[in-house]
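Structure, as structure tokens:
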Amino acid sequence: MALTEVLRRRSKIWVEKSARLHNLIILVIFPEGLKFSATFRRKIFELQDGAKTDKLIILKQINTIMNNELVRILKQLDIISREPVKLKTAEASNFYVDVKKAYGYPDALDSISDELWKEIGERVTCIATAGYGGLSPSTIISSRHHLYLTFVRDEPKKHGKGGWIDGYVPNEQDKIAIVDDVFTTGGSLRKIIEALEPTGAEILGCYVVVKRGDGNLQVPLKYLLTTEELL
């Protein structure tokens, strides 16, 4: 029987399809570290009990459960700082979204990376990022799915070979997914897009963990959560 991983590796939640029995069997092994909520466990076990349910329906239900669990984990890690701050855009705000704090916890980082990968899809050949915001999930996604990894600098390098790009340099054959932590106005993502345009590669979209503001991009934007879900 083929074993297919459909959820994050660290949580070791697997779906096994039995061709002989035509049933969907969910095997759950919970990790050490971050504790999963009782509600999460109960819902997963309910799906396990209803293994004869249609596979597509079960996968959609699991996606919803996992999204809710990601919200709970990020709230547990208190990634929202409720105090006056100045954002990267120089604007003042009464709260700050610190997604990078979650990167310090392996299970949270794995969950974020896997949820982003669900949004990215399999057409992509290269993951691109800039700064610390997208570095951790980009590296994990690239490594797990054997994709090229491109780092875009904040400013051109003034030594060595110079240029905007470190790591893999895309070409016209590539399809790129840009990964970042938070979308506020889109300024940082637009800079990455502009740096990648001369390569001739197709940019499939930008993929962020949290959307906290509005802004226009030349490519589609997809996000896992909004600040409203975390506040």
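Structure notes:
- Note on the range 176-227: residues that are acidic (Asp, Glu), touching a Lys or Arg at 6+ places or on another chain (Cβ under 9 Å) and farther than 19 Å from LEU135 by Cβ total 1.
- Of the criteria (1) part of a loop (DSSP other than H, G, I, E, B); (2) over 19 Å from LYS222 (Cβ atoms), which one ILE165 fails: (1)
Listed here are the residues, each with its yes/no results for (1) assigned to a strand (DSSP E or B); (2) exposed (fewer than 15 other Cβ atoms within 10 Å of the Cβ).
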position: ALA128; (1), (2): yes, no
position: GLY131; (1), (2): no, no
position: PRO137; (1), (2): no, no
position: ASP154; (1), (2): yes, yes
position: VAL179; (1), (2): yes, no
position: THR185; (1), (2): no, no
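The numbers here are math on the coordinates, done by the rules we state, and not lab data. Computed from a predicted model, the values in this text were never measured in an experiment. A quick note on method: Cβ atoms are made from the backbone with ideal geometry, for glycine too, and the neighbour counts reach across all protein chains shown.
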